[in-house]
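Engineer: Have a look at this one.
What follows is calculated from the coordinates using simple rules that are stated; it is not laboratory data. Source: prediction; values computed, not measured. Here Cβ is always computed from backbone atoms with ideal geometry, including for glycine, and neighbour counts include all displayed protein chains.
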């Protein structure tokens with residue numbers, strides 16, 4: 001009885017959710033095929049064309065619309081996201097590993113780490129900028145911004161790894177030790193392969209959070225801008241559909257990242273699935 | 001020089017977890033090439049003891065000495081002690097072959113590749129897994145996993161192997177088969193086994209000697225025969241699951257209980273007073289049958305058919321349940337009527353008394 005009412009309501013809810021999630025993107029996607037260079041960032045579509053995609057890659061004759069200044073900032077953002085991903089994941093794995101055994105003050109340390117997620121980003125960015133200035137440190141995307149990105153993404157990586165290690169059956173490690181394999185080697189050969197799905201998730205989190213981070217980077221990055229800042233910068237002048245075309249391309253890039261993630265995940269989950277069967281029988 | 005001391009000895013092992021004392025001064029000497037069963041109820045500290053010996057836990061007091069070398073503070077991987085886990089703890093991301101080869105390949109100084117191949121292949125053959133080398137751990141049965149766990153440990157040639165209820169996860173048939181296989185393997189390889197089990201039949205069947213652990217302390221360490229016929233105290237008798245243990249007080253030649261004074265054959269010094277009579281040494285007779293030996297009036301409650309024997313449950317005057325085992329080899333199964341009165345009789349010399 002209840003489901004007769006509940007089901008349609010939930011269906012509508014899910015429909016709305018998906019609409020709000022993908023609606024803006026679909027609109028941008030359609031507008032990115034606007035005619036150029038005269039067509040503006042609004043409906044109706046004067047004529048379908050791939051002009052703005054060619055415009056991004058400099059394949060169109062020069063016009064009054066300046067090419068997007070994204071080349072450098074895209075590389076910066078990707079590099080920064082990669083650096084952040086590696087650092088945060090390594091730190092996350094290591095600290096979560098440390099939390100497997102209760103140590104003195106572990107509760108306090110836990111909250112100090114997790115607080116990094118809670119502190120408003122603008123404040124962290126501003127604080128970092130002020131501190132850097134007063135210490136006479138020059139701000140760069142690869143120095144001060146990098147530090148704020150790590151501080152921001154590390155707790156996510158840490159929590160993901162903590163959840164994974166909580167479920168981890170440490171008897172396989174003990175088994176490895178008792179076979180005469182030293183702890184470091186045991187970590188590399190047993191622990192790491194088994195927690196790899198979690199490591200992948202932590203990497204994905206750190207990368208995506210860093211890649212489109214805005215508020216912290218705004219203050220902490222100095223002269224050379226990252227991609228989100230550069231995009232925001234173009235809004236201040238005039239919006240052309242080339243920015244939509246660019247949005248579509250970066251989204252496709254994100255999807256390909258997700259696909260790689262999904263493939264790696266499926267491969268390691270298939271192995272973990274076998275492990276689960278083993279536990280069930282045992 | 002160290003090798004001349006050919007035993008494993010534990011001296012005064014104490015292990016506490018917070019306020020709980022899991023091991024309370026355990027001392028034990030295992031001989032080389034001996035199979036020792038470690039029996040105890042859950043919570044008696046069996047697994048804690050094994051983990052202390054393996055080095056997974058550090059004792060709060062006491063020393064562990066393996067063949068003359070004090071290993072109390074040594075990391076687990078340097079001890080040369082094998083451990084077979086209750087859940088097998090196989091490496092799920094590796095194949096059967098890789099699991100068995102793991103300890104050799106990843107040793108501090110691994111043997112040459114062809115020797116690894118030879119030893120692993122030989123060990124896989126020994127445990128009867130030839131042909132399954134390439135299988136994933138998820139693709140083999142419970143018994144096969146158990147053998148992989150054993151092979152993986154044996155191939156590294158430890159001098160002591162600790163088995164933590166490794167047969168508990170198997171079904172009864174498989175358990176019997178593995179029991180035989182364990183014995184065979186040991187006879188061929190000559191290592192010391194310390195086998196933790198919660199099953200008294202397993203402990204008695206497999207052990208050259210049996211350690212009975214009770215609340216973190218050793219209650220008895222003797223051959224299965226001695227343990228069975230002369231349990232050191234009433235608790236040991238209870239763990240064996242073969243004795244009716246009656247409570248009362250020893251006064252001179254008789255043991256005074258709620259059902260009268262009971263005569264006994266053997267007395268075992270113990271701080272707790274109790275009277276023990278084996279399930280299979282009791283005869284059931286009608287209420288009016290002539291008196292003979294020791295006698296207790298009871299009421300029949302229920303029976304349980306075990307295939308080779310039947311267990312009968314009788315209630316004594318104070319509500320205590322007495323169990324009687326009737327082997328079906330002795331004849332057909334007698335029938336008793338529920339809530340009818342009967343008498344249990346046994347010979348005084350079959351009974352032991354603690355006190």
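Engineer: Please say if region B:315-355 is rounded, prolate or oblate, where rounded means a/c under 1.5 for a ≥ b ≥ c the square roots of the C-alpha gyration tensor eigenvalues, and otherwise the choice is prolate for a/b larger than b/c and oblate otherwise?
Structural biologist: The shape class here is oblate.
Engineer: Stick to the Cα atoms of chain A, pair each with every other, and give me the Kirkwood hydrodynamic radius in Å at one decimal.
Structural biologist: 22.3
Engineer: For region B:253-319 and region A:6-54, what is the separation of their Cα centres, given in Å?
Structural biologist: 87
Engineer: How many percent of Cα pairs in region B:243-354 exceed 19 Å?
Structural biologist: Of all Cα-Cα pairs in region B:243-354, 43 percent lie more than 19 Å apart.
Engineer: Per 0.36 nm of contour for each residue apart, how much would the distance between residue A:192 and residue A:238 grow if the chain were fully extended, relative to their Cα-Cα spacing?
Structural biologist: Difference between extended and current length: 11.6 nm.
Engineer: Using alpha carbon centroids, what distance separates region A:164-178 and region A:97-152, in Å?
Structural biologist: Cα centres, region A:164-178 to region A:97-152: 31 Å.
Engineer: By how many nm would the segment from residue A:19 to residue A:7 grow when fully extended, if each residue of separation counts as 0.36 nm and the alpha-carbon distance is taken off?
Structural biologist: Gain in length upon complete extension: 2.5 nm.
Engineer: What's the ranking of A:187-196, B:337-346 by average number of surrounding C-beta atoms within 10 Å, highest first?
Structural biologist: A:187-196, B:337-346
Engineer: Additional query: Would you kindly calculate the translational diffusion coefficient of the protein assembly as shown, applying Stokes-Einstein with the Kirkwood radius from alpha carbon pairs, for 20 °C and a viscosity of 1.002 mPa s, and quote it in µm² s⁻¹ without decimals?
Structural biologist: 69
Engineer: Using a 7 Å offset from the Cα along the Cα-to-Cβ direction at both residue B:20 and residue B:78, what is the distance between the two label points in nm, to one decimal?
Structural biologist: For the pair residue B:20/residue B:78, the computed spacing is 3.1 nm.
Engineer: Give the order of A:185, B:152 when sorted by the count of other beta carbons within 10 angstrom, beginning with the fewest.
Structural biologist: Least to most surrounded, the residues fall as A:185, B:152.
Engineer: Could you give the length gained by full extension between residue B:113 and residue B:125, i.e. 0.36 nm per residue of separation minus their alpha carbon distance, to one decimal place?
Structural biologist: Extra length from residue B:113 to residue B:125 when fully extended: 2.5 nm.
Engineer: Please identify which residues in region A:195-218 have an amide N closer than 18 Å to a label point set 7 Å out from the Cα of residue A:122, following the Cα→Cβ vector.
Structural biologist: A:213-218
Engineer: With all distinct Cα pairs included, what does the Kirkwood hydrodynamic radius of chain B come out to in Å, to one decimal, could you say?
Structural biologist: One over the average 1/r among Cα pairs gives 22.8 Å for chain B.
Engineer: Grab the beta carbon distance between residue B:315 and residue B:139, set R0 = 56 Å, and tell me the FRET efficiency rounded to 0.05.
Structural biologist: 0.60
Engineer: Between A:75, A:30, A:18, where does the largest GNM mean-square fluctuation fall for chain A, given springs only between Cα atoms within less than 10 Å?
Structural biologist: A:18
Engineer: For a Förster distance of 51 Å, can you work out the FRET efficiency between the beta-carbons of residue A:97 and residue B:335, rounded to the nearest 0.05?
Structural biologist: For residue A:97 and residue B:335, the calculated efficiency is 0.20.
Engineer: Can you give the percent of C-alpha pairs in region B:137-278 whose distance is more than 22 Å?
Structural biologist: Taking all Cα-Cα pairs of region B:137-278, the fraction more than 22 Å apart is 50 percent.
Engineer: What is the antiparallel percent of DSSP beta bridges lying wholly in chain B, to the nearest 5?
Structural biologist: That works out to approximately 75 percent antiparallel.
Engineer: Same structure, new question: Under the √(5λ) rule applied to the eigenvalues of the Cα gyration tensor, what semi-axes describe the equivalent ellipsoid of region A:71-237? Give them in Å, descending.
Structural biologist: 35, 17, 13
Engineer: If you don't mind, there's one more thing I want to ask. Mean residue ellipticity at 222 nm from the helices of the protein assembly as shown, using -39,500 (n - 2.57) per DSSP H segment of n ≥ 4 over the full residue count, to the nearest 500 deg cm²/dmol?
Structural biologist: About -14500 deg cm²/dmol.
Engineer: Next question, about the same structure. Among B:234, B:41, B:334, which one shows the biggest mean-square fluctuation in a GNM of chain B, springs joining Cα atoms closer than 10 Å?
Structural biologist: The residue that fluctuates most here is B:334.
Engineer: Among B:173, B:235, B:244, which one moves the most in a GNM of chain B with springs linking Cα atoms closer than 10 Å?
Structural biologist: Looking only at B:173, B:235, B:244, the largest GNM fluctuation is found for B:173.
Engineer: On to the next question. Label-point separation (nm) for residue B:288 and residue A:264, each offset 7 Å from Cα along Cα-to-Cβ?
Structural biologist: According to this spin-label approximation, the distance is 8.8 nm.
Engineer: In whole Å, how far is the Cα centre of region B:33-86 from that of region A:185-205?
Structural biologist: 30
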